[in-house]
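Heads up, the thing below is written out as structure tokens.
The values are calculated or read from the model by the stated rules, or taken from the named source; none is laboratory data. Just so we're clear, the structure is a prediction, and the values are computed from it rather than from any experiment. Methodologically, a virtual Cβ is constructed for each residue, glycine included, from the backbone with ideal geometry; neighbour enumeration extends over all protein chains shown.
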Amino acid sequence: MMLKKSILAVLTLLVLTACSNKEDDATVKEREKVIEDGTVGYEMMGGEVQKATNVPANEEKAILAAFNEYIAAFNDKDINRYLNTLSKTPKGFNYDEDKELVEEVFDQSDTKRDVSNVTIAKYDNQEAQVFANMTTHSLQLKTNVEHESAGRQVTVFVKEGEKWKVTSVFYISDDSKSSTGN
């Protein structure tokens, strides 16, 4: 029974960390094309992450502030702030499904994300890709089961008006740094 709960906790975290990436065939094909084109794949395969050199200082500040707000709103379990960081028309997840999933996670667990090595890896005027090493710590409230997972994430932002919003998330777990216990 404990193993089933642990597996459920791990799956919930992976789905949550991937921003509820339930995708239709068109989205999967688009994601595959992005990776094949090398526009995200290099970060996910463990290669060295290079900082984009073409980011204007004011945009770098705005993009990193948007990323920090995305993480802080999640860590504070503030659903409205969190949803405000997401694009209303995302490419990599369904907004309404993500809202439901995040509300469920907030209700059922105490989950925090720690990030390091935050780097804007790709940039153009309308899209930015923010790489980060991420560790997610979770305590399932009902069962008191703890779980920790670590991995690499690329959070893709698009410019909507003057704001940077999350449009998709690419995450790969580092199984050697993940654990479940109670």
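Conditions: (1) buried (at least 17 other Cβ atoms within 10 Å of the Cβ); (2) out of contact with any helix residue (DSSP H, G or I) (no Cβ under 7 Å at 6 or more places or on another chain); (3) more than 18 Å from ALA72 (Cβ to Cβ); (4) among the hydroxyl-bearing types (Ser, Thr, Tyr). SER173 meets all but one. Number of the miss?
SER173 satisfies all of (1) buried (at least 17 other Cβ atoms within 10 Å of the Cβ); (2) out of contact with any helix residue (DSSP H, G or I) (no Cβ under 7 Å at 6 or more places or on another chain); (3) more than 18 Å from ALA72 (Cβ to Cβ); (4) among the hydroxyl-bearing types (Ser, Thr, Tyr) except (2).
Looking at segment 125-156 only, could you name the residues that are part of a strand (DSSP E or B) and among the basic types (Lys, Arg)?
Once the filter is applied, which keeps residues that are part of a strand (DSSP E or B) and among the basic types (Lys, Arg), segment 125-156 yields only ARG152.
Identify all residues within segment 74-89 that are basic (Lys, Arg) and either modelled with pLDDT of 95 or more or over 20 Å from ILE63 (Cα atoms) (or both); write none if there are none.
Within segment 74-89, LYS77, ARG81 qualify.
Which of the numbered conditions does GLY92 fail, given that it passes all the others? Conditions: (1) modelled with pLDDT of 95 or more; (2) crowded, with 20+ Cβ neighbours inside 10 Å.
All conditions are met except number (1).
Looking only at segment 112-129, count how many residues are of a type in the set (A, V, I, L, M) and farther than 15 Å from LYS165 by Cα.
Residues in segment 112-129 being of a type in the set (A, V, I, L, M) and farther than 15 Å from LYS165 by Cα: 3 in total.
Being in contact with a Ser or Thr (Cβ under 6 Å, 6 or more places away or on another chain) and hydrophobic (A, V, I, L, M, F, W, C) is true for just one of VAL156, VAL118. Which residue is that?
Just a single option satisfies the conditions, and that option is VAL156.
Among the residues of segment 106-135 satisfying the criterion of being among the charged types (D, E, K, R) and in contact with a helix residue (DSSP H, G or I) (Cβ under 7 Å, 6 or more places away or on another chain), which is surrounded by the fewest Cβ atoms within 10 Å (Cβ to Cβ)?
LYS112
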